[in-house]
């Protein structure tokens with residue numbers, strides 16, 4: 001049986017005390033209803049005292065409650081009018097001003113205690129103020145002065161009534177007869193129960209050092225999650241136990257709990273027994289002490305095989321968690337966050353009964369702040385350390401510099417992740433993922449963020465989507481002369497067909513390429529020096545020859561590189577390669593020497609670009625086919641769902657093997673991010689919200705099938721065409 005009265009008992013005694021006070025008021029007063037006069041002050045003081053002492057601050061008076069009570073008491077004393085009191089008016093006036101001064105002193109002490117609250121555990125002065133407030137802020141002191149003034153002032157001409165009222169006040173304030181009767185009844189009920197059966201809901205069958213208890217329960221209903229219990233430990237101590245989960249093992253019901261604090265006021269709990277002593281207020285205080293928030297939800301505890309980078313923790317099979325959710329532990333006073341990357345079932349032999357559970361693996365994200373994001377933490381939680389979910393916590397919005405923007409948020413939380421535009425560009429970025437996972441939308445957002453900060457962006461696009469989706473940025477569309485591009489395609493095709501015999505074609509191609517290079521250099525120079533637009537889109541959708549597309553891409557990128565080398569860091573430049581597996585494919589034995597040189601030349605640009613302020617944004621759905629020379633230069637990876645083993649094997653050199661196993665399971669708009677461009681020092685799973693406007697913009701690019709042409713339209717088209725081959729069938 002707890003020493004302190006539960007909330008129901010305290011509420012009942014407060015109600016009874018208020019009723020008794022009102023009955024006494026009816027007996028001594030001429031009016032059945034309290035008025036605003038001096039004769040009602042003692043009644044109001046009595047009722048306020050019980051609500052304060054029994055409900056608001058039953059154990060001690062916090063500074064905030066003391067401040068509120070002292071302020072109301074002082075205002076009430078100031079409002080009392082004693083000018084009409086004959087005989088004792090001057091003496092009562094002195095007592096009134098003493099009460100006002102005392103209330104003001106308590107207000108000052110409580111205010112200082114609030115101001116120094118954060119230092120209460122660090123400095124002697126802060127701790128002294130906190131404890132002094134609890135002593136001087138008691139209701140007996142604050143409410144007695146106005147009550148005494150009211151009784152003496154109104155009833156001094158009726159000594160018998162005044163004596164009984166003063167005796168009543170002293171009795172209820174110091175003796176508290178109703179509270180003592182209630183306490184006696186509670187103890188009597190406890191004494192009538194046997195020591196072994198008194199409120200015991202089970203007995204301890206195992207203690208896992210240092211703070212996990214396994215309890216054999218009388219019923220599963222008695223062990224609801226996140227409830228508070230008192231346990232008589234085998235060593236004679238008593239502990240508050242927080243219930244986690246329960247499961248059936250053979251014919252027994254076994255509950256698992258976490259010891260969270262020692263019982264200071266020991267009860268008569270029997271050794272080895274556990275008792276239901278749940279109190280919502282006290283439970284919230286304990287949770288706040290160990291988790292830093294009263295709203296935190298405890299879901300498990302750390303178990304063996306944990307490390308600094310990846311911890312394992314045990315949870316109930318009924319726990320509502322999923323891959324990517326964020327949890328945290330209080331490690332040496334620091335909140336360290338982890339992201340769930342896997343889970344497995346686990347069976348332990350428990351008293352010769354199998355005990356099934358889930359062991360969850362979570363990778364460290366680090367300590368979080370709105371200014372610095374996630375920073376690595378250099379240690380791991382203790383064995384059996386409690387683990388809390390972060391979903392119920394509210395986090396401060398990130399502090400963004402002019403170089404930063406929100407790139408996504410952590411699933412199931414309000415934590416937003418921040419990316420740095422300069423690092424995304426300068427250190428090169430790769431956006432990977434199969435079709436339909438959201439990688440193009442992410443790339444478009446990055447391009448917009450870069451353009452808004454004055455970055456020059458050159459997009460190489462095979463899809464034709466960028467023209468429409470980025471039209472609001474006012475892009476230009478540089479392209480070689482159509483006749484020269486067609487001639488180059490023809491010359492490349494002839495060289496492929498005739499090989500060494502095509503000397504004339506090779507000579508013509510060299511001359512043609514030099515002309516295109518000169519023209520391209522002028523176009524690029526105008527674009528990079530001009531401030532009217534930040535975006536250029538180089539479209540290859542009309543180039544049917546892959547070698548021609550590679551060659552033209554190399555010419556434009558080389559022109560950008562040459563300009564950047566000549567005007568060292570005069571501009572920040574971002575080269576965006578959409579469908580990069582087509583533009584910079586992995587070099588293989590099937591490539592001829594010319595094609596190999598072109599791909600290697602583009603790779604060289606990636607290698608040297610950083611020195612001159614030229615960054616790469618590589619977007620691809622076929623990671624295995626992209627030049628590894630290019631990908632190896634990317635320091636930030638934003639990976640959506642991928643399923644081919646070759647791509648996953650490559651990414652093991654970027655992420656840990658545990659994180660790579662997550663990639664095929666990523667949902668739409670989810671991605672795994674890591675690198676210099678993110679304000680997170682470890683890999684992190686992020687999610688972007690669905691945007692209906694972006695979906696509409698994407699669907700607008702889907703053209704409906706053309707209506708079948710009539711025979712007259714087909715004949716007219718054939719007559720107008722004098723260059724194409726004759727159509728023999730439809």
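A short reminder: the numbers here are calculations on the coordinates, not readings from a lab. Every value quoted in this text rests on a predicted model; they were computed, and no experiment measured them. Heads up, the Cβs are rebuilt from the backbone with ideal geometry, glycines too, and the neighbour counts pull from every protein chain shown.
At q = 0.09, 0.11, 0.18, 0.21 Å⁻¹, what is the base-10 log of I(q)/I(0) for the stretch 434-571 according to the Debye formula with one equal point scatterer per Cα and no solvent? Please give it to two decimals. For the stretch 434-571 at q = 0.09, 0.11, 0.18, 0.21 Å⁻¹, log10 I(q)/I(0) is -0.33, -0.48, -1.06, -1.28. Taking all Cα pairs closer than 8 Å and separated by 6 or more residues, the relative contact order of the chain comes to 10 percent. When you work out D = kT/(6 pi eta Rh) for the stretch 323-470 at 25 °C and 0.890 mPa s, using the Kirkwood radius from C-alpha pairs as Rh and the Stokes-Einstein form, the result is 132 µm²/s. Against the main long axis of the alpha-carbon atoms of the chain, helix 593-609 sits at an angle near 40°. Cβ-Cβ distance of residue 185 and residue 157, R₀ of 45 Å, FRET efficiency by 1/(1 + (r/R0)^6): the value works out to about 0.65. Rounded to the nearest 5, what % of the DSSP beta bridges within the chain are antiparallel ones? Antiparallel bridges make up about 75 percent of those DSSP assigns within the chain. Projected over every direction and averaged, the convex hull enclosing the alpha-carbon atoms of the stretch 7-185 yields 11.3 nm². When 235, 496 are sorted by how many other C-beta atoms sit within 10 angstrom of their C-beta, beginning with the fewest, the order is 235, 496. Rg/Rh, computed from the Cα trace of the stretch 141-259 with Rh as the Kirkwood radius, has the value 1.33.
Note that the stretch 193-278 carries a Kirkwood radius of 12.5 Å, evaluated over its alpha carbons pair by pair. In terms of surrounding Cβ atoms within a 10 Å radius of their Cβ, 531, 481 rank from fewest to most as 531, 481. Using a simple spin-label model with pseudo-atoms 7 Å out from Cα toward Cβ, residue 487 and residue 135 lie 10.1 nm apart. Between the Cα long axis of helix 7-28 and the first principal axis of the chain there is an angle of about 40°, rounded to the nearest 10.
Which whole-number percent of Cα pairs in the chain have a distance greater than 46 Å? Everything past 46 Å amounts to 49 percent.
Using 0.36 nm per residue and subtracting the Cα-Cα separation, the extra length available between residue 285 and residue 611 on full extension is 111.8 nm. With respect to the chain, whose longest principal axis is taken over its alpha-carbon atoms, helix 177-192 is tilted by about 70°. In this simple spin-label model, placing a label point 7 Å from the Cα along the Cα-to-Cβ direction at both residue 164 and residue 278 gives a separation of 4.6 nm. Extension gain, residue 205-residue 23: 0.36 nm per intervening residue step, less the Cα-Cα distance, totals 60.1 nm. For the stretch 7-185, what relative contact order do you get, as a whole percent, if you take Cα pairs closer than 8 Å and at least 6 residues apart? Relative CO of the stretch 7-185 lands at 30 percent. Taking one equal scatterer on every alpha-carbon of the stretch 551-590, how large is log10 of I(q)/I(0) by Debye at q = 0.18, 0.29 1/Å? Log-scaled intensity ratios, in q order: -0.63, -1.03. With the convex hull constructed from alpha-carbon coordinates only, the stretch 289-396 shows a mean projected area of 7.2 nm² over all directions.
Short-range pairs are left out: with C-alpha atoms under 8 Å and at least six residues apart, the relative contact order of the stretch 445-542 is 56 percent. With a cut-off of 19 Å on the backbone N, the residues of the stretch 20-39 near the modelled label site 7 Å out from residue 84 along Cα-Cβ are 28-39. The ranking of 406, 253 from fewest to most other beta carbons within 10 Å of each one's beta carbon is 406, 253.
For the stretch 247-287, the spherically averaged projection of the C-alpha convex hull amounts to 4.1 nm².
Computed extension gain for residue 174 through residue 262, at 0.36 nm per residue and net of the alpha carbon distance, reaches 28.7 nm.
With the simple model of a label 7 Å out from the Cα in the direction of the Cβ, residue 533 to residue 101 spans 8.3 nm.
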